[in-house]
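Everything below concerns the one structure shown next.
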Amino acid sequence: MTVLVVVEGVVIAVLALLVVGLLRSHAEILKRLHDLGAGIEGEPGRSSTISEAHRPGSPGYPLMPQMPSPPDREEFGGAADVVGLSPGGQEQVSVRITGVEHDTIVAFLSSGCITCQKFWDAFRKPRKLGLPSGARLVVVTKGPDEESASAVAGLAPPGIPTVMSSEAYADYDIPGSPYFVYVHGPSGRVRGEGTGPDWDQVSSLLSQATGDADLAATLASHVVPKPDADAEREARVDRELFDAGILPGDPSLLTPPPEHPGHAHG
Amino acid sequence: MKLQAHGIETDLPPGWEGRIALRNPPTGHTRALGTTGEVPNPVVHLANFALPEDRGDFGSGAVDLMGEQHVLVVLFEYGPECAGTALFRRKGIPTKLTPSMFSGSALQRTLPDQAGCQVFFTAAGRAFCCYAVLGRQAAAARVLPQANATLAATKIGPR
């Protein structure tokens, strides 16, 4: 009988140890999830500790850990021409991106990141990329001081300009790799930027960005001009105001007219 | 936009891009271009259009893409034994290319409406050929000032 009690006690002690171990492991997992920002939505004090979750303009939740976070700015970054070395290091390369007729998609990749590998592979089949009409794809990695030139040479897709330039990363304010910037050639302005886990998603993102811009341009070209009578009336009013000494921005133009009692607005 | 390598530097005007390349020497075991034992020399490609990656030394691959307003300038270096010889007796980079210097028969590869010219020269003890191609010969007067300005902004020093 005593033996049974002792054995039972030992079993209970072992089980208690297992339960404590499991609870501890569970607590550790919860702590890690909390650190990653997977708190309960709306619960006070449970917000993410990852900086991008607090940044203005951020989606409010952390992005995929393997993807670079968006830069901490409200507008697109600047565009610049790219100067650097070819992957083999034997060729000095300059690629004109601004002030040219064609648009350019600048793909910032790294030889080391796992996600970039999908893009390196995809770029080996340029005909399947479905690039916007007339757009040129340019791949940029960091310079030989920060990247393995031989690794980049092995990955560089044939037929697509690949430039090693840390300066380009700084010029475009690139948060990490992979990252993509769509530059409108004639104006030299960035029309879209972002990242994604694969080319399909990035392509969709860029199509949306360029589609929005194209739509805006289309709408602008379809703006119906004012009828002549309206335009003439507007010009006459402007002229009379000017003659009366009331110039654009005059405070009197911004003050609403006094309401007359008994004249209810319908 | 400045570009500098192998003793050659240039400052490209807006709309122009370039490459200063030096091929890997062929060893017989690699797929490098050229013949075994050859010592490759630098080749410069300057153009007012997007240069394709697959280009020959004298612009094959690029000339096929040229439009009417396009111009390609190639500076091809020859071996040091050529410097100062009769063919290369002209000194310094040519910076005054004129329409009359261009001809369809001077093209390495004849394409409709295109025209080319070659000027051999020695600079800093190095022998070069300046090979220029116009996308359309009739546009020479319009595009040559750009090409001449680009050449004027190109300096060759010791390698």
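Across the stretch A:155-187, the qualifying residues are those that are free of Cβ contacts under 8 Å to residues at least 40 places away in the same chain and either in contact with a Pro (Cβ under 8 Å, 6 or more places away or on another chain) or crowded, with 23+ Cβ neighbours inside 10 Å (or both), and the one among them that is farthest from the other protein chains (Cβ to nearest Cβ) is A:Pro157.
Can you tell me which residue among B:Arg109, B:Arg159, B:Arg126 is closer than 16 Å to B:Ile20 by Cα and surrounded by fewer than 21 Cβ atoms within 10 Å (Cβ to Cβ)?
On the way: B:Arg109 fails: closer than 16 Å to B:Ile20 by Cα; B:Arg126 fails: surrounded by fewer than 21 Cβ atoms within 10 Å (Cβ to Cβ).
Every option except B:Arg159 fails the conditions.
Residues in the stretch B:3-20 that are at the interface with another protein chain (Cβ under 7 Å from one of its Cβ atoms) and either within 14 Å of B:Leu72 (Cβ to Cβ) or touching a Ser or Thr at 6+ places or on another chain (Cβ under 7 Å) (or both): B:Leu3, B:Leu12, B:Gly15, B:Trp16, B:Glu17, B:Gly18, B:Arg19.
Can you find a residue in the stretch B:78-85 that is β-branched (Val, Ile, Thr) and under 12 Å from the mean Cα position of the chain (by Cα)? So far as the stretch B:78-85 goes, no, none of its residues is β-branched (Val, Ile, Thr) and under 12 Å from the mean Cα position of the chain (by Cα). Taken together, the residues in the stretch A:74-112 that are assigned to a loop (DSSP other than H, G, I, E, B), within 22 Å of B:Ile20 (Cα to Cα) and either in contact (Cβ under 8 Å) with a residue 24 or more places away in the chain or away from every other protein chain (no Cβ under 13 Å) (or both) amount to 9. Can B:Ala47 be described as more than 10 Å from chain A (Cβ to nearest Cβ) and at pLDDT 95 or above? So B:Ala47 does not fit the description; no. Taking the stretch A:1-54 as the range and being within 30 Å of A:Gly176 (Cα to Cα), outside any helix (DSSP H, G or I) and either of a type outside the set (Gly, Ala, Ser) or modelled with pLDDT of 65 or more (or both) as the test, the residues that pass are A:Leu36, A:Ile40, A:Glu41, A:Arg46, A:Thr49, A:Ile50.
Let me confirm something: among B:Gln4, B:Gln69, which residue is of a type outside the set (Ser, Thr, Tyr) and farther than 17 Å from B:Ile156 by Cα? Don't jump to the end; show me each part of the working.
Numbers: B:Gln4 fails: farther than 17 Å from B:Ile156 by Cα.
From the options B:Gln4, B:Gln69, the qualifying one is B:Gln69.
The values are calculated or read from the model by the stated rules, or taken from the named source; none is laboratory data. The structure presented is a predicted model; accordingly, all values stated were derived computationally and were not measured. As a convention, Cβ positions derive from the backbone with ideal geometry for all residues, glycine included, and neighbour counts pool all protein chains shown.
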